[in-house]
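Step one of this worksheet: look at the structure below.
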Amino acid sequence: MNLVSLRDVLEPAEKGGYAVGAFNANNMEIVQAIIESAAEERSPVILQASQGAINYAGLDFIVAMVKTAAQGVNVPVVLHLDHGTDFKQVMRCIRYGFSSVMFDGSKLPLEENIAMTLRVVEIARAVGVSVEGELGKIGGTEDDITVEEREALFTDPEEAERFVKETEVDALAIAIGTAHGPYKGEPRLDFLRLKRIKELTAASIVLHGASGVPDDAVRQAVSLGVNKINIDTDIRQAFVGGITAFIKENPANIDPRKIFSPAKMEMKRIIKEKMRLFGCSGKA
Ligand code: G3H
Ligand code: 13P
Ligand code: ZN
């Protein structure tokens, strides 16, 4: 299938009360693991590339790999830019064929975040590309801040209402207690805040940093209206775990294909598990 936009997969998710998984990819094996999992689960899927992934693999390679993989399957695939912070880079992604982009202005003052995101929405919408914005600061598990300091960075529901009204983003990434990377303890999500944000905004709500979030918390977030869930760290761990285990058992092996195959299987196992948890399995 040709690539579709976030709207194409998130509107049915909103109506059906489930979330679509958004999985990060950096290389061919990860792209294949994500798209094959989606085809085998009959699930819509969002494949996202960060600026780091684009620097690593190259914009043309990412687009070519994802388009080729998507054309071989019969489920909707979105190619989405993850955490784009540079206006020119966002424009390049649109030009190269991304069907969706995130403009992450969360580090900017509110007025500037609104103005920049709106600029992206106006251009992207004119060419049928969807936009995710971010309000509040999601941050990383390695950030050296206290719980109170992190809570101060959570998304303000009234600001979210204004942000969505003024920018008309298709999706909004919010900060409610998740963080990027592996958690040291158990993350605690602010569900009341999520409920309030959902009541006040029309955009699809996105949960970042979902690797390592307990299944029950994910289910509750979905029941309260989260429609896009981002997973990267769990895939990285599956990839490296698969490679490490294979090399330990086969120290003399020097065939990359043999080393990557079990890693790909491990990634597919995790991705499919997440698709079932999010409720998007069987929805394509
Ligand atoms: O949100 C961040 C994603 O996990 C991508 O990470 O910028 O290292 O590619 P990255
Ligand atoms: P994790 O790496 O914590 O799963 O976060 C992924 C993410 O939010 C990508 O934008
Ligand atoms: Zn993120």
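Net charge in the neighbourhood of TYR18 (other residues with Cβ under 14 Å of its Cβ; Lys, Arg +1, Asp, Glu -1) is +4. The label-point distance for ASP86 and GLN220, in a model that sets each label 7 Å from Cα toward Cβ, rounds to 4.0 nm. Descending by average beta-carbon neighbour count within 10 Å, the peptides 247-253, 21-27 line up as 21-27, 247-253, the highest first. Overall shape: oblate for region 126-165, with the ratio a/c of the largest to smallest alpha carbon gyration tensor axis at 1.5 or above and b/c at least equal to a/b. When the P(r) is computed for region 164-236, the part past 20 Å accounts for 26% of the Cα-Cα pairs.
With the highest mean first, a sort of the peptides 169-182, 152-165 on other beta-carbon atoms found within 10 angstrom per residue produces 169-182, 152-165. Kyte-Doolittle cut-off 0.0, length cut-off 20 Å along the helix's own axis using Cα: show which whole DSSP H helices in the chain pass. Span-like helices in the chain: 110-126, 233-249.
Please state the relative contact order of the chain as a whole percent: Cα pairs under 8 Å, 6+ residues apart? Relative CO of the chain lands at 23 percent. Size of region 1-160: Rg and Dmax of its alpha carbons, in Å, are 16.2, 48. Annotation: average projected area of the chain is 14.3 square nanometres, based on the convex hull of Cα atoms across all directions. Extending 7 Å from Cα along the Cβ direction at ALA202 and again at ARG125 yields two label points whose distance is 0.9 nm. Three semi-axes describe the equivalent ellipsoid of region 105-146; taken as square roots of 5 times the Cα gyration tensor eigenvalues and ordered largest first, they are 27, 12, 5 Å. Please enumerate, by chain and number, the lysines with C-alpha under 26 Å from the C-alpha of LYS67, excluding those fewer than 8 residues away in the same chain. Cross-link targets: LYS88, LYS228, LYS258, LYS264, LYS268, LYS272, LYS274, LYS283.
Computed from the C-beta positions of GLU186 and GLU142 and an R0 of 25 Å, the FRET efficiency is 0.90 to the nearest 0.05. Reported to the nearest whole Å, the Cα centre-to-centre distance from region 54-94 to region 151-173 is 25. Working note: Debye formula, equal point scatterers on the alpha-carbon atoms of region 1-85, no solvent; log10 I(q)/I(0) at q = 0.13, 0.16 Å⁻¹ is -0.37, -0.56.
If the chain linking VAL240 and ARG95 were pulled fully straight, counting 0.36 nm for each residue of separation and taking away their Cα-Cα distance, it would gain 48.9 nm. One equal scatterer on each Cα of region 121-195, no solvent, Debye formula: the resulting log10 I(q)/I(0) at q = 0.16, 0.21 Å⁻¹ is -0.65, -0.92.
Summing charges over all other residues whose Cβ lies under 14 Å from the Cβ of ASP60, with Lys and Arg as +1 and Asp and Glu as -1, gives +3. Note on region 121-278: Kirkwood hydrodynamic radius from all Cα pairs is 17.4 Å, rounded to one decimal.
Divide the volume of the convex hull around the Cα atoms of region 230-284 by the residue count and you get 80 Å³ per residue. By the compact-protein rule of thumb, 2.2 N^0.38 Å, the alpha-carbon radius of gyration of region 20-60 corresponds to a ratio of 1.17.
Ranked by the mean number of other Cβ atoms within 10 Å of their residues, highest first, the peptides 130-138, 238-246 come out as 130-138, 238-246.
The simple spin-label model puts a point 7 Å past each Cα toward its Cβ; for ASN253 and LYS165 those points are separated by 5.8 nm.
Taking the inverse of the mean reciprocal distance over all distinct Cα pairs, the Kirkwood hydrodynamic radius of region 193-234 comes to 10.7 Å.
Neighbours of GLU151, meaning other residues whose beta-carbon lies under 14 angstrom from its beta-carbon, give a summed charge of -1 when Lys and Arg score +1 and Asp and Glu score -1.
None of the figures in this text is laboratory data; all of them are computed from the coordinates on show. From a predicted model like this one, the values you see are computed outputs, not experimental measurements. Don't worry about glycine lacking a Cβ; one is built from the backbone with ideal geometry, like all the others, and counts go over all protein chains shown.
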